[in-house]
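Take a look at the structure set out below.
Every read-out reported here was derived from the displayed coordinates using simple, explicitly stated rules and does not represent laboratory data. Keep in mind the model is a prediction, meaning the values are calculated, not measured. Ideal geometry is used to build each Cβ from the backbone, glycine not excepted, and the neighbour counts take in all protein chains shown.
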């Protein structure tokens, strides 16, 4: 079914209605007052601050919707090829400030609010972050949507409307506590419910075979359970353009919400049992999958949103294209490009085959030819254990027809491989979509690779490692299929919006063109040698640090020295990201200060990020960080020379304060483990210097900013492999480095956990006996690099010069550049504008 923007209403005979006519918008100050009364039913005297937030949001939303309608109409009128971006996460952050910025009405809105006696900045703070993602994967998807709209790429995002997100993190007694993230408590002005856009999603049941009209045996999926997917649309306005694209999110609804007979019998829980079980599908992002039920819920989530999305994509295609013959379906890949963001939506390959073969009765070979032309897959990890697999038993019970489809895809794929590479059964075993070596599992990454025309990594190093390690066999089978598109970030949110002080400084120096074309920011390079510009740049950084320090004090009670070096590691908590290595440095600094060493640069070390609820070790590392912070911060001998804080509930709005206020960006994953990273790009764009390994996008950041403007340490990817192959013995590093030995002994002996001395013995034992991510091997190099950081920070003018050069060389890491690469080399789409509606 079509959305209101996509449907032209039939006018009454007595009215001359102009197709596409949109009422003229009221001036912003008038619109604010109108919405306060007519949308919130409040007078200005009775209105609360949240009512004023609502009025401001409705006012900006009116301007968005005006362009949104025109964009949708132009897509239906002109029928350009469209991109559909499928992602389990979209970490979009706050909408009000971003929409006003992109539409160019921020100042007008600020003035209008001030005229009515209200501060826009305080009003913006009332908006809750949309809990639709967790980390870099979701934020990348949001950045890409921003860039696609800004670059006038006809596109739409598809995901899930999570009712409670992942969780809201609090730190209690040093531990992570997970609470529901009730971000929809006050509703969501920025979403539009589409009750007419619903699709039937099947689970369970079984497959039977019947002859069709042509006497051919066809499969039918019968006796299935049914779930309803209902659409909610969120606008995505581009910057400085008329284009507003769409993010469509699916919410799970029960086919039968309420059983009156059970209710009348007094069985009240049974009356709503089906609704509760169904709605669990869209309740929480990444439900804990340590149980069988948790695993089933995750697979349900993935199929639920993918099936609804593909049905919607095909519905839209069929509404604008008349299909009379089989050959007419060849238009499908000419009009549709689907990007799979990681393995979560890779079931889309099998679902598209189900829709084309079972629903639309196309021949298998013909359907497969279209499918492979439609899909492209982005890989985000080098670690085999992070590539999703599902047991054949679970998959078959939940999606019986799709397991058959995958078997058929695999059969034909292996037949092709055997034909071209005969006599190599080990190759067949390695590339099979069905893993026969670990209890028969469906390898979703293999399905995505086989079913896509292009597979891309997200940084140059990552893509090369995909070809040489993880997907080496596929690179041999499909030469040219694997490619690279280095990730990027939107400068609109991460510079213009997050750092208005720096944005204004740069604009005064070189003009405003860099806001839409980040390549222009290179023009500030000569200003690194301008004393006045360096002074102004340093003043902006100090103001941002003061803003961050005030926020941290309000959240944690810890008062920070804003003249200290703000050393920040803010990201998902995982062993490979090596927050624990940072902790070892904290304790090393603490010991040096207590020994009375002179010349140590005062430093504030800021951690933040969530650990997955079922990831015990990551949660234990969070507790260690907070226990260390307690001891360090309360030690009068240390004072302001060293402070450690944990920023709770890291989210987009927090990042917008943390990144501009950072001096040092910690990007210290083991070489060869981080696919790309985007926090490194955001921090560098905001004038933080990077300390990091040659991993992910750090390699390309180093190439752009120059060796002398980044702090690189540690083993390289080949050295990591060589050390592991030769027999890594972490105890040797422990025994041969007195400082390291002291640090680990303090942790093991309970120095930071007096009430429970053995609390962290398991962490130390793991480091000494295994140390999978080579913390001890990289410790000495890391400490030496941190010493260089501290010494340089004492020369503020030199530090500032390096920071300016980092900002000046960030153009490559704009998501606009990344989307340009996708559009040209993978999707084969061109910009489409709707500035003027055609008569």
Expressed in µm² per second, the diffusion coefficient of the stretch 540-810 from the Stokes-Einstein equation, with Rh the Kirkwood radius over alpha carbon pairs, at 37 °C and 0.692 mPa s, is 175
Checked the chain against the a/c 1.5 cut and the a/b vs b/c comparison, axes a ≥ b ≥ c from its Cα gyration tensor; verdict oblate
Kirkwood Rh for the stretch 36-77 from C-alpha pairs, in Å, is 11.6
Shape descriptors of the stretch 625-755 over alpha-carbon atoms, Rg and Dmax in angstrom, are 17.8, 49
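Which FRET efficiency value, to the nearest 0.05, is calculated for residue 77 and residue 292 with the Förster distance at 51 angstrom and r the Cβ-Cβ distance?
The formula returns an efficiency of 0.55 here.
Give me the extension gain from residue 513 to residue 555: residue separation times 0.36 nm, minus the current Cα-Cα distance, reported in nm with one decimal.
Length gained, residue 513 through residue 555: 11.4 nm.
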By the mean-Cβ-within-10 Å protection proxy, highest first, 771-783, 325-337, 240-252 rank as 240-252, 771-783, 325-337
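With runs of 4+ DSSP H residues as the only contributors, calculate the mean residue ellipticity of the chain at 222 nm using -39,500 (n - 2.57) per run, divided by the residue total and rounded to the nearest 500.
-13500 deg cm²/dmol
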For the stretch 287-487, shape from the Cα gyration tensor axes a ≥ b ≥ c, cut at a/c of 1.5 then a/b versus b/c, turns out rounded
Extend 7 Å from the Cα of residue 121 along its Cα-to-C-beta direction; within the stretch 512-532, residues with backbone N under 14 Å of that point are none
Note on the stretch 109-224: contact order normalised by length, alpha-carbon pairs under 8 Å, 6 or more apart, percent, works out to 15
Taking only the Cα positions of the stretch 425-555, the convex hull volume per residue in Å³ is 190
If each part is reduced to its alpha-carbon centroid, the stretch 624-680 and the stretch 727-774 end up apart, in Å, by 21
Counting only backbone N atoms under 14 Å from a point 7 Å out along Cα-to-Cβ of residue 322, the residues of the stretch 341-377 in range are none
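Which three semi-axes in whole Å describe the equivalent ellipsoid of the stretch 34-119, each the square root of 5 times a Cα gyration tensor eigenvalue, listed largest first?
After scaling each eigenvalue by five and taking roots: 31, 15, 13 Å.
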In nm, the gap between the two label points placed 7 Å beyond Cα toward Cβ at residue 46 and residue 504 is 3.8
Residues of the stretch 388-419 with backbone N under 16 Å of the label point set 7 Å from the Cα of residue 212 along Cα→Cβ are 405
The alpha-carbon center of the stretch 456-521 and that of the stretch 45-78 are separated, in whole Å, by 30
1/(1 + (r/R0)^6) with r = Cβ-Cβ of residue 220 and residue 464, R0 = 56 Å, i.e. FRET efficiency to nearest 0.05, evaluates to 0.75
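Sort 94-106, 449-461 by the packing proxy (mean of other Cβ within 10 Å over each peptide's residues), most packed first. Intermediate results must be reported in sequence, preceding the final value.
Details: 94-106: 21.5, 449-461: 23.9.
Highest-to-lowest ranking by the protection proxy: 449-461, 94-106.
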In terms of the alpha carbon gyration tensor, root eigenvalues a ≥ b ≥ c, rounded if a/c is under 1.5 and otherwise prolate when a/b exceeds b/c or oblate, the stretch 541-648 is oblate
Contact order relative to length for the chain, counting C-alpha pairs under 8 Å separated by 6 or more residues, stands in percent at 13
